[in-house]
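Everything below concerns the one structure shown next.
The values are calculated or read from the model by the stated rules, or taken from the named source; none is laboratory data. What you are looking at is a predicted structure, and each value in this text was computed from that prediction instead of being measured. Note: ideal-geometry Cβ built from the backbone for every residue, glycine included; neighbour counts use all protein chains shown. Ligands, DNA and RNA are excluded from the accessible area calculation, which covers all protein heavy atoms including side chains. Shrake-Rupley method; radii C 1.70, N 1.55, O 1.52, S 1.80 Å.
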Amino acid sequence: MDTSAFDQVACQIPLYREALLQVPASVKDQAYDIRLCGGQPVSIWGREGACFLREGGGVARAPVEGLVRTSPEELRRAFLQACGHSVFSHEQELREGYLRLEGGFRAGVCGTAVLEGGRVKSLRDITSLVFRIPRQCLGCGDPLFLRGADLSKGLLLAGEPASGKTTFLRDVARSLSWGRFSPSRRVAVLDQRGELGGFDLGPAADVLRGFPKPAGLDTALRTLSPEVVFCDELGDGDLEAVRRAAFSGAALVASVHAAREDLERRPLCRELLCTGAFGTVACLSGRARPGELESLETVTVYQEVPGRRAFRLTPLEGEL
């Protein structure tokens, strides 16, 4: 069992570090986040659902007596500790609802938005913190290569939250960098939120941390001469950058929050696939089997009517 990632995240939560480190290894091994919520028990979420931290380090599957509860004051202290007692230095991250932590970890932050000109300026009255537990799953990306997916034409990876998108992308980047299935490829990794590049990605990977995706794409293409550029969690604000990168000479491998059925009905997914930046789309199975590939399809873009693009998905032949 691999409990190292859980233990490293637990060490970033000093208030509950000792109790969390005593959690059974079987719980640590399948956990994907630790949640602190004001007035509620500390909870650990994973493939088997939720469990709650007991005083002394055990866990319970249902609310019982003797659980570790987070008071509003303890939540405030945990938030300040996660910020390194410098909220200002994390202002840009907080606008997007997260904190980058030491060691390539991330915490989601919930609270009240402070608006300025209709845009989020900061957060106040923090109500919960969700500490993500990044993992390695060596070889989970191998089916892409074994099925003959042409990554030189770009890949869009789709999956619901906690389905292992970041883990999968990281493994694919590592395989390209080390040349496991072909000669080593130069890889640029845009690690805006401090998770994608948190592990060893091999000798040919350059990691740009903290760059917004548009600026990171421009910088990578202009200065690093990559063959493949990786980025995580594309959103509406990234569409124009994807269009610019589509025919730049480097392949784009990126992820988006979506299930297979969302690809044709969600506007963002349709627009991304119509850019021509992605010759293949891969879908993950879901949070019950993180990192597992469910489907692999090629993307054909065509003119539906003059001035309007559409796409067609064709399953790649063979078994996954």
Could you work out the relative contact order of the chain, using alpha carbon pairs under 8 angstrom and six or more residues apart, expressed as a whole percent? 14 percent
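Could you give the C-alpha radius of gyration of the range 1-158 expressed as a fraction of 2.2 N^0.38 Å, taking N as the number of residues it contains?
After normalising by residue count via 2.2 N^0.38 Å, the value is 1.19.
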According to the Cβ-distance criterion of 4.7 Å, cysteines of the chain with no possible disulfide partner are C11, C37, C51, C83, C110, C231, C269, C274, C283
Collect residues whose amide H, placed 1.01 Å from N in the peptide plane, falls under 5 Å from the amide H of E294; neighbours closer than 5 in sequence don't count. C283, L284, S285
Explain nothing, just the number: relative contact order of the range 225-320, from Cα pairs under 8 Å at least 6 residues apart, as a whole percent. 20 percent
Pick from V228, V120, V281: which is most flexible by mean-square fluctuation in a GNM of the chain where alpha carbon atoms under 10 Å apart are linked? V120
If packing is taken as the average number of other Cβ atoms within 10 Å across a peptide's residues, how do 164-170, 207-213 rank, most packed first? 164-170, 207-213
I'd like the accessible area for K121: 1.4 Å probe, protein heavy atoms, all chains in place, Å² to the nearest 10. 90 Å²
Angle between the Cα long axis of helix 72-82 and the longest principal axis of the chain, 0 to 90 degrees, nearest 10? 50 degrees
Selected from G148, G197, G103 as most flexible by GNM, with the chain as the system and alpha-carbon contacts under 10 Å: G148
Rounded to 5, the percent of DSSP beta bridges in the chain classed as antiparallel: 65 percent
For the range 1-107, what does the relative contact order come out to in percent, with C-alpha contacts under 8 Å and a separation of six or more? 21 percent
Alpha-carbon centroid distance for the pair the range 216-255 / the range 116-160, whole angstrom: 15 Å
When ligands, DNA and RNA are left out and all protein chains stay put, how many square angstrom of accessible area per residue does the chain have with a 1.4 Å probe? 46 Å²
Counting pairs of Cα atoms in the chain, how many percent are more than 24 Å apart? 56 percent
